[in-house]
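The values are calculated or read from the model by the stated rules, or taken from the named source; none is laboratory data. None of the values given here were measured: they were computed from a predicted structure. Glycine also receives a Cβ, built like all others from the backbone with ideal geometry; neighbour counts cover every protein chain displayed. Just the protein is used for accessible areas: all its heavy atoms, side chains included, with ligands, DNA and RNA removed. Shrake-Rupley method; radii C 1.70, N 1.55, O 1.52, S 1.80 Å.
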Amino acid sequence: MIKLENITKWYSKGFIPKKVEILKGVTLTVNKGDVFGYLGPNGAGKTTTIKILLNLLKSDKGSAQINGIDVTNPKSRQSVGYLPEQPCYYDYLTGKEFLDYCGSLFRIQKQSLQKKIDELLEKVGLENARNTHLRKYSRGMLQRIGIAQALINDPEVLILDEPLSGLDPHGRKDVLDIIIEQKNKGNTIFFSSHILADAESLCDKIGIINEGVLIAEGDIDTVLDRESASAGVEIVYTTDLTGIYEEFGKFGNIDKLQENKYRLTMEDKYHVNDILEKLISSGAEILSVNRHRLTLEELYLKKIR
């Protein structure tokens with residue numbers, strides 16, 4: 001559904017214009033029905049990529065397609081819903097009036113549109129604020145109405161730039177539920193986020209971008225397994241032996257998981273047998289020995305230095 005090939009973008013900065021490369025040959029593919037998490041620090045190029053996908057910016061090199069249609073063709077956006085990172089609203093409109101305006105842009109029939117607006121306001125928890133002017137909405141409420149407008153045309157592709165920004169835990173859950181609902185319908189979701197735990201639980205595929213370079217991309221389990229190959233081994237055992245074997249710290253980190261249950265993460269797999277012998281001879285019970293699998297947060301911190 002989404003395809004980027006060798007996308008490159010330059011900006012001119014400074015009083016004496018100097019070209020700065022913002023995107024450096026970004027190539028990725030998002031298949032129909034995928035939830036794709038686009039991750040990276042501020043200024044990495046996430047929003048620039050999204051704007052190129054929506055033809056709000058032109059790339060200097062490369063091509064981008066949505067549903068097989070080049071993004072320079074307006075037809076590529078007919079089945080797209082979009083939430084920008086910092087949306088600007090006509091704040092003199094009420095929530096209902098704003099959604100009515102957005103629906104009219106897609107030429108949705110009046111009767112169908114009113115029913116759709118009622119459903120969306122309830123879905124995002126704003127049914128009681130339908131007649132409140134947007135200038136009186138909180139940050140979280142504005143994010144919710146932004147999600148609603150992105151769904152007004154029943155999009156097959158949902159592009160969300162930091163959709164969880166400004167939301168309280170209840171609001172985050174509502175948005176996550178909406179993303180899951182869209183996935184279950186077979187729709188495609190492309191979203192950027194800084195909340196890595198949510199991305200790990202939601203995404204089929206991820207892309208990590210830093211300084212304009214896509215440094216990791218693919219199926220999330222495949223990426224984590226591949227990157228975990230050199231992450232070492234973890235031993236879970238009983239009995240606190242850290243005072244006896246201070247040398248454990250030379251090999252890895254010891255974490256207390258719960259009462260009388262500890263985990264030693266080994267940085268050097270060649271010491272595993274020696275450590276196991278010392279643990280057993282000291283009366284510890286070995287509960288498990290496994291290769292340590294990186295979490296998405298650990299992978300992110302490993303890649304973004």
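Assorted remarks:
- Within the listed set 183, 96, 173, the Gaussian network model of the chain (springs between alpha-carbon atoms below 10 Å) gives the highest mean-square fluctuation for 173.
- Highest mobility in the GNM of the chain, judged by mean-square fluctuation with C-alpha springs under 10 Å and restricted to 169, 17, 84, is found for 17.
- Simple rule: put +1 on each Lys or Arg Cβ and -1 on each Asp or Glu Cβ in region 1-134, find the dipole, and look at 62, 37, 129; the Cα lying farthest toward the positive end is 62.
- Unit charges at the beta carbon, dipole of region 88-219: most positive-side option, 170, 111, 145: 111
- Accessible area in square angstrom per residue, the chain, 1.4 angstrom probe: 52
- Cβ-placed point charges (K, R +1; D, E -1), dipole of the chain about Cα centre in debye, nearest 20: 1540
- Percentage relative contact order, region 24-106, counting C-alpha pairs under 8 Å, at least six apart: 14
- Over 26 Å (Cα to Cα) - which of 3/123; 13/51; 58/136; 3/183 fall in this group: 3/123; 58/136
- Relative contact order computed over the chain (Cα-Cα under 8 Å; 6+ residues apart), in percent: 19
- Calculated [θ] (222 nm, deg cm²/dmol) that DSSP helices of n ≥ 4 give over the chain, each run adding -39,500 (n - 2.57): -9500 deg cm²/dmol
- Of (i) 25, 49, 24, 2, 0; (ii) 34, 60, 6; (iii) 28, 45, 22, 4, the label for P(r) over Cα pairs in 20 Å bins from 0, in percent derived from the coordinates: (iii)
- Surface share of carbon and sulfur [accessible, 1.4 angstrom probe, percent] for region 125-212: 46
- Nearest 10 degrees, 0 to 90: helix 169-184 Cα axis against the chain principal axis: 80
- Degrees, to the nearest 10: 110-123 long Cα axis against longest axis of the chain: 30
- Taking all protein chains together and rolling a 1.4 Å probe, residue 133 ends up with roughly 60 Å² accessible.
- Total charge dipole magnitude, region 1-80, about the Cα centre, Cβ charges on Lys, Arg, Asp, Glu only, Debye to nearest 20: 240
- The alpha carbon centroids of region 147-194 and region 1-72 are separated by 20 Å.
- Dipole of the chain, positive end: most advanced residue of 218, 84, 287 [Cβ charges, Cα centre]: 84
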